[in-house]
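Accompanying notes for the structure given below.
The values are calculated or read from the model by the stated rules, or taken from the named source; none is laboratory data. The structure presented is a predicted model; accordingly, all values stated were derived computationally and were not measured. Here the Cβ positions follow ideal geometry from the backbone for every residue, glycine too, while neighbour counts run over all protein chains shown. Ligands, DNA and RNA are excluded from the accessible area calculation, which covers all protein heavy atoms including side chains. Shrake-Rupley method; radii C 1.70, N 1.55, O 1.52, S 1.80 Å.
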Amino acid sequence: VFLFQKSALHKCNMAGKPAVVTRVVDSMTDNLRPTRAEATDVANAVLDGSDAILLGAETLRGLYPVETISTVGRICAEAEKVFNQDLYFKRTVKYVGEPMTHLESIASSAVCGLLLKLRLRSSFASPHLDGLQG
């Protein structure tokens, strides 16, 4: 199952299609904390290139909807800290190949600019953002 998920996410990313992962923290419908396996699944979904994580029963009828959203958000934020954006972007460009269309060129430039801004922002820690990373 895990190889299929990784392959499906990769294929969606290479085709430029959104990849949404769901049912990753089912135990949080009744429990305050995810299992270690579920937390790992959330992090791996981010590292594998998922565009979103869809929460369903955990927030619809779960006992801890706010805590579920907060926990999944924190796991995603931690996984994104170690995600190598530059390498992933270079691999994607290599896979897609040349020449780029005008729209692809514009999108590529926007991503490069965003990566530069994020890198600059992370090198200058802002004290008022520390409370958001709880």
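Of the residues 107, 50, 82, the one whose Cα sits farthest toward the positive end of the charge dipole of the chain, with +1 on the Cβ of Lys and Arg and -1 on the Cβ of Asp and Glu, is 107. Near residue 42, once Lys and Arg are set to +1 and Asp and Glu to -1 for all other residues with Cβ below 13 Å from its Cβ, the sum equals -3.
Comparing 4, 20, 96 along the charge dipole axis of the chain, the residue lying farthest to the positive side is 96, per the Cβ-charge model. In percent, rounded to a whole number, the relative contact order of segment 37-104 is 37, using alpha-carbon pairs under 8 Å and six or more apart.
Around the amide H of residue 22, modelled in the peptide plane, lie the amide H atoms of 54, all under 5 Å away and 5 or more residues distant in sequence or on another chain. Per residue, the solvent-accessible area of the chain (1.4 Å probe, heavy atoms of protein chains only, all protein chains present) comes to 73 Å².
For segment 43-107, trypsin sites (Lys or Arg not before Pro) meeting the loop criterion (DSSP other than H, G, I, E, B) and having at most 13 other Cβ atoms within 10 Å: 61. For the pair residue 114 and residue 57, label points projected 7 Å from Cα toward Cβ lie 3.3 nm apart. Here the dipole of segment 1-82 is about 180 debye; that uses its Cα centre as origin and unit charges on the Cβ of Lys and Arg (positive) and Asp and Glu (negative). As a length-normalised measure over Cα pairs under 8 Å and 6 or more apart, the relative contact order of the chain settles at 22 percent.
Each residue, residue 107 and residue 95, gets one label point 7 Å from its Cα in the Cβ direction; the gap between the two is 1.3 nm.
At full extension, residue 1 and residue 70 could sit 22.2 nm farther apart than now, given 0.36 nm per residue minus the alpha carbon distance.
Annotation: peptides 23-30, 7-14, ranked by per-residue average of other Cβ atoms within 10 Å with the highest first, follow the order 23-30, 7-14.
In the chain, the alpha-carbon atoms span a convex hull of 126 Å³ per residue. Among 47, 114, 63, the largest mean-square fluctuation in a Gaussian network model of the chain (Cα springs under 10 Å) belongs to 114.
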